[in-house]
1. Looking only at segment 146-157, decide whether some residue is under 23 Å from residue 234 (Cα atoms), open to solvent by 10 Å² or more (accessible area, probe 1.4 Å), touching a strand residue (DSSP E or B) at 6+ places or on another chain (Cβ under 9 Å) and polar (S, T, N, Q).
2. Confirm whether residue 188 is under 21 Å from residue 262 (Cβ atoms), acidic (Asp, Glu), open to solvent by less than 20 Å² (accessible area, probe 1.4 Å) and touching a residue at least 60 places away in the same chain (Cβ under 8 Å).
3. Quick one: is residue 129 modelled with pLDDT of 95 or more, touching a helix residue (DSSP H, G or I) at 6+ places or on another chain (Cβ under 6 Å) and either farther than 23 Å from residue 363 by Cβ or not in a loop (DSSP other than H, G, I, E, B) (or both)?
4. Restricting attention to segment 252-280, which residues are open to solvent by less than 30 Å² (accessible area, probe 1.4 Å) and touching a residue at least 12 places away in the same chain (Cβ under 8 Å)?
5. Somewhere in segment 337-352, is a residue in a strand (DSSP E or B) and open to solvent by 50 Å² or more (accessible area, probe 1.4 Å)?
6. For segment 146-197, what are the residues that are closer than 18 Å to residue 315 by Cβ, outside any helix (DSSP H, G or I) and away from the ligand (no atom under 16 Å from the Cβ)?
7. What is the number of the single condition among (1) among the polar types (S, T, N, Q); (2) more than 21 Å from residue 364 (Cβ to Cβ); (3) assigned to a loop (DSSP other than H, G, I, E, B) that residue 116 does not meet?
8. Can you tell me which residue within segment 290-332, out of those that are of a type in the set (S, T, N, Q) and surrounded by 13 or more Cβ atoms within 10 Å (Cβ to Cβ), is farthest from residue 207 (Cα to Cα)?
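The values are calculated or read from the model by the stated rules, or taken from the named source; none is laboratory data. Given the structure is predicted, the values throughout are model-derived calculations rather than measurements. Note: ideal-geometry Cβ built from the backbone for every residue, glycine included; neighbour counts use all protein chains shown. Surface areas here come from the heavy atoms of the whole protein model, side chains and all, with no ligands, DNA or RNA. Shrake-Rupley method; radii C 1.70, N 1.55, O 1.52, S 1.80 Å.
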Amino acid sequence: MVVMESDLQKALRILHQSLFSDDIVRLHLYMAGTGAIGRKLLEMIERQKEYLAERKISLEICGLINSRKMIVGDKALSGSQIEQFLFDHAEKAGLGEFVDAAVRQNLENSVFVDVTAADEPVGLYHSLLSNSIAIVAANKRANTQGIDLYNSLQAAARRSSTPFHYETNVGAGLPVIGVLRSLMASGDSIIRIDAVLSGTMNYLLSEYTGNQTFTDLVRYAERNHYTEPDPRDDLSGMDVARKCLILARECGWPLELEEIRLEPLMTPEAALAPDKASFYRELEGIDIEIHHRFERATAKEKRLRYVARVECGTASVSVMEVDEQHPFYGLRGTENCISLTTKYYQQYPMVIKGPGAGVDVTSAGVLADIVRIAEGLKR
Ligand SMILES: NC(=O)c1ccc[n+]([C@@H]2O[C@H](COP(=O)([O-])OP(=O)(O)OC[C@H]3O[C@@H](n4cnc5c(N)ncnc54)[C@H](OP(=O)(O)O)[C@@H]3O)[C@@H](O)[C@H]2O)c1
């Protein structure tokens, strides 16, 4: 066997581990993002230490970066170094430098964990994969840009046999992407996916009773933090369209975001309004239409849902009427629901349902992706 000189240390460590070690699989984590998900993930990794140790898995944090600062240890960071980083000042941040340091350290089983919502880390994914650094991303950016990037990252991961996991991109902690992949690996084929993927849109449509205007309901939801700080980020439907795009691509349909037929839940004038007050004034332009649609659906004993549909290489996101038999009929509040109609699940589609956002479930989903890498390395 020939080993490049630059990989000699790493090869020796792996050899030593396989000959003399206690069979513990050690992952070296370099984490970008210390916001809501990043902090909760650090907490969960600490809390699960013992449980994972019993399963011969050790997760070691070797680097942390956010938009302001970074720290990379020459070995695993201690609990107090992590605390200090979170609450104190550290080196100035530079994502390129951060990744260079991870590559230079060349530790076995390195994993880059992207819990940012930024484009910048995505530009480094190719370099990470080609250096055999696995990626676990809650960040959707890589999978929702052009199809060429999506395809080339999938190919790079396959070529280098390096994991690239992003289960939390759709449905947060709900198992969706893994299930799709398992179905396809077993020879099943996807006929149609229907999915309620926005807790906020589901909240708005399931709480609408016609007793108050849609605009007033959005105002109430914003005041109670059920929407993004700018409700347009929900009402545009773009977040649902991005998740829908990922589902389509996972099914093997090479769509671009612009090819998704998207029905926003606001008027074009509201989308362009320069400030909050004029946004709400313009949003009133959709009140009558929503009311009519609600009445039409109610008259047929149906309910309105905001549904992403992927079928035969096409995708759409729109308001749909669903009847009592439909799995979306009983959805309440901020639930997500994904219904998979496949060759094997044709008469009774497979239904996955639960909270589709939230710090706990999302961080747990990211941790599950990380642990999956460790499980895959066990002999
Ligand atoms: N929250 C949820 O329920 C949920 C559900 C599903 C998926 N997700 C996804 O999870 C990801 C993280 O969400 P979050 O709620 O934790 O977001 P967040 O609280 O806004 O945190 C984002 C973190 O990314 C850091 N960051 C931003 N740009 C960066 C850059 N260029 N380089 C390095 N770090 C950078 C920020 O740094 P600063 O600390 O310096 O600002 C912050 O620490 C997002 O992609 C989101 O879509 C979240």
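1. First, the residues of segment 146-157 that are under 23 Å from residue 234 (Cα atoms): 146.
When the remaining residues are screened for being open to solvent by 10 Å² or more (accessible area, probe 1.4 Å), the result is 146.
Cutting the leftovers down to touching a strand residue (DSSP E or B) at 6+ places or on another chain (Cβ under 9 Å) gives us none.
No: segment 146-157 contains no residue that is under 23 Å from residue 234 (Cα atoms), open to solvent by 10 Å² or more (accessible area, probe 1.4 Å), touching a strand residue (DSSP E or B) at 6+ places or on another chain (Cβ under 9 Å) and polar (S, T, N, Q).
2. Numbers: under 21 Å from residue 262 (Cβ atoms): no; acidic (Asp, Glu): yes; open to solvent by less than 20 Å² (accessible area, probe 1.4 Å): yes; touching a residue at least 60 places away in the same chain (Cβ under 8 Å): yes.
Considered against the rule, which asks whether it is under 21 Å from residue 262 (Cβ atoms), acidic (Asp, Glu), open to solvent by less than 20 Å² (accessible area, probe 1.4 Å) and touching a residue at least 60 places away in the same chain (Cβ under 8 Å), residue 188 comes out as no.
3. So residue 129 fits the description; yes.
4. 255, 260, 265, 266, 267, 270, 279, 280
5. Step one: filter segment 337-352 for residues in a strand (DSSP E or B), giving 337-342, 350-352.
Going one step further and asking which of them are open to solvent by 50 Å² or more (accessible area, probe 1.4 Å), we end up with 351.
Looking for residues that are in a strand (DSSP E or B) and open to solvent by 50 Å² or more (accessible area, probe 1.4 Å), one finds at least one in segment 337-352, hence yes.
6. 146, 189, 190, 191, 192, 193, 194 - these are the residues of segment 146-197 that are closer than 18 Å to residue 315 by Cβ, outside any helix (DSSP H, G or I) and away from the ligand (no atom under 16 Å from the Cβ).
7. (2)
8. 314
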